[in-house]
Amino acid sequence: MLTATGLRKTFNAGTTNARIALDGVSLSLDEGDFAVIIGGNGAGKSTFLNSVAGEVTVDEGTLAIAGRDVTALPTHRRAGLVSRVFQDPLAGSAGPMTIEENMALASRRGLPSRLRFALGGKRRETYRQMLRVFGLGLENRLTHKVELLSGGQRQSLALAMAILTTPKLLLLDEHCAALDPKTAETVMQATLAAVENQRLTALMVTHNMQHAIDYGNRLVMMMDGRVVFEARGDDKKNLTIEQLVERFHLVDDKMLLA
Ligand SMILES: Nc1ncnc2c1ncn2[C@@H]1O[C@H](COP(=O)(O)OP(=O)(O)OP(=O)(O)O)[C@@H](O)[C@H]1O
């Protein structure tokens with residue numbers, strides 16, 4: 001579903017501020033894979049997600065989603081393939097618009113912008129059903145403006161909007177990090193249910209090692225713009241936080257010695 005091959009990206013290339021963010025990243029995800037990416041600050045996780053979403057143009061390498069080469073496609077031309085939920089709950093929806101207007105906009109992701117959206121009773125019922133799973137009462141507030149919602153409610157809406165059109169690839173960029181622990185758990189459980197029910201292929205960045213072990217079937221560790229460790233299936237499930245931390249140090253020491 002996703003094939004990233006040899007991605008390289010240097011910001012401010014050729015200047016004293018040059019930063020190598022991706023140093024030959026290759027990663028392949030099969031349909032239904034849920035990969036969790038971990039790594040320290042500056043490891044290149046966001047740059048990788050941004051390159052998959054089309055917000056960063058890579059200097060070298062290729063990206064294919066669902067068999068389509070998207071390397072040269074800008075973000076809006078990938079919108080029918082990729083959806084994203086950001087860390088900032090305010091980033092995924094339009095505050096001055098109502099919940100149902102936001103959902104209606106999301107339902108047109110990837111379609112030509114000249115097409116107007118309609119809000120019939122059937123659609124509203126679909127939106128209600130999707131929002132009910134969060135248990136936050138959003139389904140009864142379809143005509144409320146989004147700017148009145150709490151961070152957790154807004155992030156739940158952002159997730160519902162991201163999966164409304166069943167994207168080929170769902171990008172989750174530390175999407176629970178800014179929420180209180182209880183709401184983070186609610187949004188995480190809704191994410192897992194959506195990934196399973198809609199058989200989504202997902203890529204999630206997190207700093208939470210326990211989440212990285214518990215969720216998804218693939219684990220990818222990045223450091224200094226490279227993939228330095230991968231685990232999948234039972235190998236991943238049987239990892240402990242101590243082993244992961246040890247990996248970080250092992251890799252770090254190796255890189256220092258290299
Ligand atoms: N727009 C940019 N301009 C210049 N340098 C950048 C830019 N975006 C990222 N970088 C640099 O690229 C490197 C990788 O950054 P990136 O944000 O991808 O890391 P990250 O793993 O997501 O880190 P964090 O966990 O702190 O969010 C860092 O050295 C960062 O300073």
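Could you say whether any residue in the range 161-176 is within 14 Å of the chain's Cα centre (by Cα), touching a residue at least 60 places away in the same chain (Cβ under 8 Å) and at positive phi? Yes, the range 161-176 has at least one match.
Within the range 32-56, residues that are touching a residue at least 60 places away in the same chain (Cβ under 8 Å) reach partners that are surrounded by fewer than 20 Cβ atoms within 10 Å (Cβ to Cβ) and assigned to a helix (DSSP H, G or I) with beta carbons closer than 8 Å, at six or more positions or on different chains, in the pairs Val36/His211; Ile38/Met209; Ile38/Leu244; Gly40/Phe248; Ala53/Thr75.
Mind listing just one residue for me: the one in the range 66-75 that is part of a loop (DSSP other than H, G, I, E, B) and free of Cβ contacts under 8 Å to residues at least 24 places away in the same chain and, of those, nearest to the ligand (Cβ to nearest atom)?
If we take residues in the range 66-75 being part of a loop (DSSP other than H, G, I, E, B) and free of Cβ contacts under 8 Å to residues at least 24 places away in the same chain, then Pro74 is nearest to the ligand (Cβ to nearest atom).
The set of residues from the range 147-163 being buried (at least 24 other Cβ atoms within 10 Å of the Cβ) and either at pLDDT 95 or above or small (Gly, Ala, Ser) (or both) comprises Ser156, Ala158, Ala160, Ala162. Residues in the range 5-41 that are near the ligand (Cβ under 8 Å from one of its atoms), surrounded by 14 or more Cβ atoms within 10 Å (Cβ to Cβ) and on the phi > 0 side of the Ramachandran plot: Gly39 only. Contact map, the range 11-23: residues that are in contact (Cβ under 8 Å) with a residue 40 or more places away in the chain paired with residues that are more than 9 Å from the ligand (Cβ to nearest atom), Cβ distance under 6 Å, separation 6+ or inter-chain. Pairs shown: Leu22/Leu7; Leu22/Arg8; Asp23/Arg226. Considering the conditions (1) under 15 Å from the mean Cα position of the chain (by Cα); (2) touching a residue at least 40 places away in the same chain (Cβ under 8 Å), Asp224 is excluded by exactly one of them, (1). Residues of the range 42-65 that are β-branched (Val, Ile, Thr) and either within 14 Å of the ligand (Cβ to nearest atom) or within 19 Å of Met223 (Cα to Cα) (or both): Thr47, Val52, Val56, Thr57, Val58. Only one of the numbered conditions (1) small (Gly, Ala, Ser); (2) in contact with a helix residue (DSSP H, G or I) (Cβ under 7 Å, 6 or more places away or on another chain); (3) within 16 Å of the ligand (Cβ to nearest atom) is violated by Ala94, and that is (3).
Yes/no matrix, rows are residues, columns are (1) part of a loop (DSSP other than H, G, I, E, B); (2) out of contact with any Lys or Arg (no Cβ under 8 Å at 6 or more places or on another chain); (3) at pLDDT 95 or above; (4) farther than 24 Å from Gly233 by Cα:
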residue: Thr3; (1), (2), (3), (4): no, yes, yes, no
residue: Ala35; (1), (2), (3), (4): no, no, yes, no
residue: Asn41; (1), (2), (3), (4): yes, yes, no, yes
residue: Leu49; (1), (2), (3), (4): no, no, yes, no
residue: Glu55; (1), (2), (3), (4): yes, yes, no, yes
residue: Val58; (1), (2), (3), (4): yes, no, yes, yes
residue: Leu63; (1), (2), (3), (4): no, yes, yes, yes
residue: Gln87; (1), (2), (3), (4): yes, yes, no, yes
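Only one entry of Arg78, Arg84 meets the criterion of being crowded, with 22+ Cβ neighbours inside 10 Å, of a type outside the set (Ser, Thr, Tyr), away from the ligand (no atom under 13 Å from the Cβ) and free of Cβ contacts under 8 Å to residues at least 40 places away in the same chain, and that entry is Arg78.
Checked across the range 59-72, the condition of being among the basic types (Lys, Arg) and over 15 Å from Arg226 (Cα atoms) holds for at least one residue.
For first residues located in the range 196-218 and free of Cβ contacts under 8 Å to residues at least 40 places away in the same chain, partners that are in a loop (DSSP other than H, G, I, E, B) and away from the ligand (no atom under 16 Å from the Cβ) and lie 6+ apart or on another chain with Cβ distances below 6 Å form the pairs Gln198/Thr166; Ile213/Leu239. Scan the range 203-219 and give yes if some residue there is among the basic types (Lys, Arg) and in contact with a Gly (Cβ under 7 Å, 6 or more places away or on another chain), otherwise no. No: zero hits.
The values are calculated or read from the model by the stated rules, or taken from the named source; none is laboratory data. Every value quoted in this text rests on a predicted model; they were computed, and no experiment measured them. Note that each Cβ is placed from the backbone with ideal geometry, even for glycine, and that neighbours are counted across all protein chains shown.
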